[in-house]
Amino acid sequence: MTQELTSPSPAPQAPGTGRGPGWWRDAVIYQVYVRSFADSDGDGIGDLRGARERLPYLKDLGVDAVWLTPFYASPQADGGYDVADYRAVDPLFGTLQDADELIRAAHDLGLRVIVDIVPNHTSDRHPWFQDPELARQRYLFRPGKGESGELPPNDWESVFGGPAWTRTDRGDWYLHLFAPEQPDLNWDNPEVHAEFEAIMRFWLDLGVDGFRVDVAHGMIKAPGLPDIGHGAQAQLIGAQVLPFFDQDGVHAIHRAWRRLLDGYGDARGKQVIGVAEAWAPSAERLALYVRPDELHQAFNFQFLNAPWQSDALRSVIDASLAATASVGAPTTWVLSNHDVVRHTTRLGGSLARARAATLLMLALPGSAYLYQGEELGLPEVTDLPDEVRQDPAFFRGGRATGAVGPGTDTESAPDGAAAGGQDGFRDGCRVPLPWSGELPPYGFGPGGSWLPQPADWGGLTVAAQTGDPASTLELYRAALELRRRLPGLGDGPMSWAPAPDGVLALTRPGLLCTVNTLGHDVGLPAPGTPLLSSAPVTVDDATAQLPGDSCTWWAI
Ligand code: GLC
């Protein structure tokens, strides 16, 4: 390792370093799914060097920070969420030097960098699991039930389908809430706590600005690992507290991590954050993860799962804002990620709705996460041949749409259009990005792409959309630019304004945002001057015609 690796590059300067108002409270953070973002070496798999080379694109898009999905040493049984060495970069994605250079290059551009940490489970190739003695202490082994221990210790199901237990050659069973290659760690063991704190310090020393905490609701299991007594457990995730998810005990871990993050940041005059991927049954329970002494952000999956209906959207927004305000935290909005059907497809296969939903999200107070490719309006790829699929849920017969949460909104699909992806599996949102050109791999890299890209993506590339004011890419650029220019649009107040049925109107400092969730035009007195709209809006004699499925920002 070079000297450089131990001397992190300075984080971008911004108001809110130290303990004051935080940069993260209104940040727009772009999720880079590394293996599908940009490939530098032609093996068809995106890598860290490829991501570094494309950072200027993200700067130009106007985001504040980048979240990189796991690039650590891993057998890739679950797209890298099965980590064998938390301090090493998998050769598929590059080297530690590449990670260091990426972080430095991002900071030079004024972009912060968040990396994933995966604390609920490791890979079964992790040295701890490979050593039978260590494994017994640091993972969750139990004797089986039945006369000769031939039955799993309880009735828990893996999120990816099938039992959550696998029997070893030694005859005992180990718990894996996800794939068998992802054994769950035993968080009753203090060595597990110490190791994850050391891993965090390792990446903080390399300069990262925060962690996205994978399965932040999963580390603690109910004492005695009680049966659930319900066959369809996937349906219950995010709907109720389960003996393996959203147990109160997880909060002590988050409090300890917050102390670590604050201590580390304070000593260096910067703010480093934690964002929870937590599936909680209510906005109130989710808010527990962002109490002042816990993590900074928690993805708002209730918003992600809301149907495209004005009343439903309004109540989810109200509930989220009230819950997070009660603990003094901002809300963290998200519409797409690498686990769910892309929102263009999820919202009834309607790019118009997707564009409107994004403008709505970016007008709400708080922070927002974007998933790579949504700025191009990419749809879910729904016709991948089985031979190319890699989602472990596909092979285990589960339904991984929202692998860790409720499924898709099928009710709001217009005219019966399919709202889901391909059987609910996750490869369809992970197809490599199209950058330029008319043919696959559309500039993704000098080789092919690990999942085939559709033949008709030529018009969706970054190059094709750049400079076209009607394109989705330019809509995102314009929205992010306005968000930066309008003071108070990020973390400021919000109130509802009167609006006809099916329409939402909300006011923010200097801005009024209308959303027409109906499939047809709605006329109303023009609330101001149109600043930005997801579809052409007309104003005649002080009457505005809001196109169906559209969102408009008005200067007031
Ligand atoms: C998280 C990740 C998902 C992964 C799972 C298990 O939900 O986002 O991709 O499969 O955790 O680590």
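The values are calculated or read from the model by the stated rules, or taken from the named source; none is laboratory data. All of these numbers come straight from a predicted model, not from anything done at the bench. FYI the Cβ positions are ideal-geometry reconstructions off the backbone, even for glycines, and counts take in every protein chain you see. Only protein heavy atoms, including side chains, enter the accessible area calculation; ligands, DNA and RNA are left aside. Shrake-Rupley method; radii C 1.70, N 1.55, O 1.52, S 1.80 Å.
Tabulated results
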{"item": "Cα centroid separation - the range 242-308 against the range 140-207, whole Å", "result": "22 Å"}
{"item": "Label-zone membership for the range 242-284, site Asp293, 7 angstrom Cα→C-beta point, backbone N under 13 Å", "result": "251-260"}
{"item": "Between 0 and 90°, nearest 10: helix 250-268 axis offset from the chain longest Cα axis", "result": "70 degrees"}
{"item": "Angle between the chain longest axis and helix 96-108 axis [Cα atoms, degrees, rounded to 10]", "result": "30 degrees"}
{"item": "Dipole of the range 234-293, positive direction: furthest Cα of Phe245, Leu260, Ala280, with charges on the beta-carbon", "result": "Leu260"}
{"item": "Extended-chain gain in nm, criterion 0.36 nm per residue less alpha-carbon gap, Ala470 and Thr95", "result": "131.0 nm"}
{"item": "Solvent-accessible area per residue for the chain (1.4 angstrom probe, square angstrom)", "result": "35 Å²"}
{"item": "Two-site label geometry, Ala555 and Arg142: point separation in nm, points 7 Å out along Cα→Cβ", "result": "6.3 nm"}
{"item": "10 Å-binned pair-distance histogram of the chain (Cα, whole percent)", "result": "4, 18, 29, 28, 15, 5, 1, 0, 0"}
{"item": "Normalised convex hull volume, the range 38-109, alpha-carbon set, Å³ per residue", "result": "90 Å³"}
{"item": "Accessible area, probe 1.4 Å, largest first, for residues Trp435, Trp496, Trp128", "result": "Trp496, Trp128, Trp435"}
{"item": "Reach of Lys270 by Cα under 16 Å, taken over aspartates and glutamates that are not fewer than 8 positions away in the same chain", "result": "Asp64, Asp108, Asp205, Asp209, Asp262"}
{"item": "At R0 = 45 Å, FRET efficiency that the Cβ-Cβ distance of Leu225 and Ser436 yields, to 0.05", "result": "0.30"}
{"item": "With at most 14 neighbouring Cβ atoms within 10 Å, loop GluC sites (Glu not before Pro) (DSSP) excluded, longest segment of the chain", "result": "151-410"}
{"item": "Within the accessible area of the chain (1.4 Å probe), percent carbon and sulfur", "result": "53 percent"}
{"item": "Theoretical gain in end-to-end length, Arg259 to Ser315 [0.36 nm per residue, Cα-Cα removed]", "result": "16.8 nm"}
{"item": "Förster radius 41 Å - calculated FRET efficiency between Asp60 and Gln130, Cβ distance, rounded to 0.05", "result": "0.35"}
{"item": "In nm, spacing of pseudo-spin labels at Asp188 and Asp169 (7 Å Cα→C-beta vector)", "result": "2.8 nm"}
{"item": "Estimated FRET transfer efficiency (Ala497, Thr529; beta-carbon r; R0 22 Å; 0.05)", "result": "0.90"}
{"item": "Estimated 222 nm signal from helices in the chain, with DSSP H stretches of n ≥ 4 weighted -39500 (n - 2.57), rounded to 500", "result": "-7000 deg cm²/dmol"}
{"item": "Extension reserve of the Val539-Arg484 stretch, reckoned as 0.36 nm per residue once the Cα distance is removed", "result": "17.2 nm"}
{"item": "Distant alpha-carbon pairs in the range 434-556 (separation over 20 angstrom), percent", "result": "54 percent"}
{"item": "Unit charges on C-beta of K, R, D, E only; dipole of the chain, Debye", "result": "1320 debye"}
